[in-house]
Amino acid sequence: MYYMIECFGPDDQERQAIDTVPLGFSWNSGSPFTTNPSGPLEVVMDGDGIMVPMFNRGILLWQDELIEAVKRAGVENIHCYECVLVDPIAGTRHQNYKAVNVIGLVAAADLNKSIYSTPSGIPLIDTDFDSVVIDEKKANGMLLFRMAECVSAIVVHEIVKKSIEDSGIPYINFVVPESWFG
């Protein structure tokens with residue numbers, strides 16, 4: 001069974017958001033970088049809310065504990081880079097996150113059973129799903145991957161879900177693909 005991983009944060013509090021993403025790297029391509037970022041990447045945050053363990057807007061940022069839980073589950077197709085999350089309002093710098101490049105795009109959506117629309121007419125890269133069905137044969141047992149039909153979507157196997165849940169990391173949400181929209 002596969003799930004879409006999200007991080008909504010608490011219902012009763014605002015959360016931080018990504019303001020600026022370091023340029024020069026395609027974080028959603030599913031490909032390794034030809035040159036690695038030098039030094040810690042600086043990501044400016046926007047808002048006065050709480051820090052959550054995962055941010056996914058133009059760049060994927062995971063708290064160190066989340067990376068450990070994912071690796072404990074056996075995930076090997078992520079490349080992690082040092083980064084500093086800067087909160088200009090509070091004047092704080094968070095160094096317990098990494099920028100994560102997920103290696104691997106998988107065209108795993110069963111488009112005959114999914115509900116979607118796409119502006120270009122080709123269901124790749126930026127498909128708008130109201131419901132997605134993952135074809136487990138196409139996923140080929142991968143533990144974690146970006147969905148080729150909608151590269152902002154990160155799909156995790158139930159083994160990864162269990163490892164994260166066992167770690168007690170708050171605010172990580174696992175959405176059944178049929179209930180996911182994005």
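Okay, here's what the table says:
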| read-out | value |
| --- | --- |
| Flag if SER179 is within 15 Å of TYR3 (Cβ to Cβ), exposed (fewer than 13 other Cβ atoms within 10 Å of the Cβ) and at pLDDT 80 or above | yes |
| Residue within region 119-139 that is under 25 Å from SER167 (Cβ atoms), more than 13 Å from the chain's Cα centre (by Cα) and among the basic types (Lys, Arg) present | no |
| Selection count where residues are more than 18 Å from GLU76 (Cβ to Cβ) and within 17 Å of the chain's Cα centre (by Cα), scope region 92-107 | 3 |
| Those residues of region 28-53 which are surrounded by 15 or more Cβ atoms within 10 Å (Cβ to Cβ) and either free of Cβ contacts under 8 Å to residues at least 24 places away in the same chain or among the aliphatic types (A, V, I, L, M) (or both), in sequence order | LEU41, VAL43, MET45, MET51, VAL52 |
| Inter-residue pairs, beta-carbon under 6 Å, first surrounded by 15 or more Cβ atoms within 10 Å (Cβ to Cβ) and in region 74-85, second aromatic (Phe, Trp, Tyr), 6+ apart | CYS83/TYR97; LEU85/TYR97 |
| Check on VAL160, buried (at least 20 other Cβ atoms within 10 Å of the Cβ), in contact with a Gly (Cβ under 7 Å, 6 or more places away or on another chain) and under 14 Å from ILE67 (Cα atoms) | no |
| Members of region 2-24 found to be at pLDDT below 90 and hydrophobic (A, V, I, L, M, F, W, C), listed by number | VAL21, LEU23 |
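Residue by residue, here is whether (1) assigned to a loop (DSSP other than H, G, I, E, B); (2) at pLDDT 90 or above; (3) under 19 Å from ASN77 (Cα atoms); (4) of a type outside the set (Val, Ile, Thr) holds:
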| position | (1), (2), (3), (4) |
| --- | --- |
| PRO123 | yes, no, no, yes |
| PHE129 | no, no, no, yes |
| ILE154 | no, yes, yes, no |
| VAL160 | no, yes, yes, no |
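The values are calculated or read from the model by the stated rules, or taken from the named source; none is laboratory data. Note that the coordinates shown come from a computational prediction; the quantities given were computed from them, not determined experimentally. In this analysis, Cβ positions are derived from the backbone assuming ideal geometry, glycine residues included, and neighbour counts consider all displayed protein chains.
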